[in-house]
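Just so it is clear, none of the values below were taken in a lab; they were calculated from the coordinates. This one's a predicted model, so the numbers in the text were calculated from it and none came from an experiment. Glycine also receives a Cβ, built like all others from the backbone with ideal geometry; neighbour counts cover every protein chain displayed.
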Amino acid sequence: MMEEEEGAEEQQRFSYQQRLKAAVHYTVGCLCEEVASDKEMQFSKQTIAAISEVTFQQCENFAKDLEMFARHAKRSTINTEDVKLLARRSNSLLKYITEKNEDIAQFNLERKAKKKKKLEDENKNSVEPAEAGVVESEN
Amino acid sequence: MEEIGAGFRKELVSKLLHLHFKDDKTKVSGDALQLMAELLKIFVVEAAIRSVRQAQAEDLAQVGVEQLEKVLPQLLLDF
């Protein structure tokens, strides 16, 4: 009986992975299409599938590294510093990611300020807004 | 290439990462998810662009797996 349960669990994990792979494949396809039209060069279907496969595999490395970086810093929540560490191998990559990080932080700051102002304008008697599902940034 | 419209959704990135975490308690901040989405996007775009350059250097009309295979080692080293 135990074996059957394990078998079923394996099946579930496998089909879950397949769904994730399909989602990655879709996004990879969209990105490749943009590159293709910009560079006026077509990708074969196999190439897109291969890039998709590599990307999916790379996520495993990224995830494990991120988890270890956070744990090394005695945190259980992965933050943007951990992501920047991931990008350390290439100077231009690190620079790009650092800039993106600042863009994101800036954008979120402005968005929060807008939200806050909107809330203040709408509610004279303010009610606490519900907590978002995603963990709030520590930065 | 300037603006790239497509990208990885935060939800998808989150699921991809959580698939491989060893510890149940590990979480990812919202900003980190957004940044990871950027990183993944760049990874794919680099793979695509470098493969295109390889195909152009070989005077080909289409990018095939052979071209990707040639650029993959350096790509993985850069990431």
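Give me the dipole magnitude in Debye, nearest 20, for the range A:10-77 about the Cα centre, with unit charges on the beta carbon: positive for Lys and Arg, negative for Asp and Glu.
Details: 9 positive and 9 negative charges, 88 e Å.
With Lys and Arg at +1 and Asp and Glu at -1, about 420 debye.
Angle, helix A:91-122 long axis vs. longest principal axis of chain A, Cα atoms, 0 to 90°, nearest 10?
Value to nearest ten degrees: 40.
Ignore the peptide's own chain and count Cβ atoms of other chains within 10 Å of each Cβ in A:68-81; give me the average, rounded. Don't skip to the answer; put the middle values down first.
Numbers: counts 2, 0, 7, 4, 0, 0, 0, 3, 5, 6, 9, 7, 8, 3.
Counting Cβ atoms of other protein chains within 10 Å of each residue's Cβ and averaging gives 4.
Once you average over the residues of A:10-23, how many Cβ atoms of partner chains fall within 10 Å of each Cβ? Let's see the in-between values first.
Values: counts 0, 0, 0, 1, 0, 0, 2, 2, 0, 1, 4, 1, 0, 6.
Shielding by partners across A:10-23 averages 1.
When ranked by the protection proxy of mean other Cβ atoms within 10 Å per residue, highest first, what sequence do the peptides B:25-34, B:65-74, A:86-95 form? The partial results should precede the final answer.
Values: B:25-34: 21.7, B:65-74: 16.6, A:86-95: 14.3.
So the peptides B:25-34, B:65-74, A:86-95, ranked by packing, come out B:25-34, B:65-74, A:86-95.
Let me have the 222 nm mean residue ellipticity of chain A computed from DSSP H runs of 4+ only, each contributing -39500 (n - 2.57), with the sum over all residues rounded to the nearest 500.
Values: 4 runs with 105 residues, N = 139.
Calculated at 222 nm, the ellipticity per residue is -27000 deg cm²/dmol.
Under a 5 Å amide H to amide H cut-off, with H placed in plane at 1.01 Å, what residues pair with B:LYS27 once short-range neighbours are removed?
Sorted by chain and number, the residues that satisfy this are A:THR77, A:ILE78.
Calculate one ³J(HN,Hα) per residue across the range B:28-37 by plugging θ = phi - 60° into the Karplus curve 6.51 cos²θ - 1.76 cosθ + 1.60, and present them in order as whole Hz with x for glycine and proline.
Result, rounded to whole Hz: 10, 5, x, 5, 5, 5, 4, 5, 5, 4.
Roughly speaking, what is the stretch gain from A:GLN57 to A:LYS112, that is 0.36 nm per residue apart minus the C-alpha to C-alpha distance, in nm to one decimal? Let's see the in-between values first.
Values: separation 55, 0.36 × 55 = 19.80 nm, distance 3.50 nm.
Answer, rounded to one decimal: 16.3 nm.
How large is ³J(HN,Hα) for each residue in the range A:18-28, as worked out from phi by the Karplus curve 6.51 cos²θ - 1.76 cosθ + 1.60 (θ = phi - 60°), to whole Hz, x for Gly and Pro?
So the J values, rounded to whole Hz, are 4, 5, 5, 4, 5, 5, 4, 4, 4, 5, 4.
Run the count for the range B:10-78, please: Lys pairs, Cα-Cα under 29 angstrom, 8 or more apart or on different chains.
Lysine pairs satisfying the spacing and distance rule in the range B:10-78 number 11.
Given H placed on each backbone N at 1.01 Å, which residues far from A:PHE43 in sequence or on other chains put an amide H within less than 5 Å of it?
Residues meeting the criterion, in which the H sits 1.01 Å from N, are B:VAL63.
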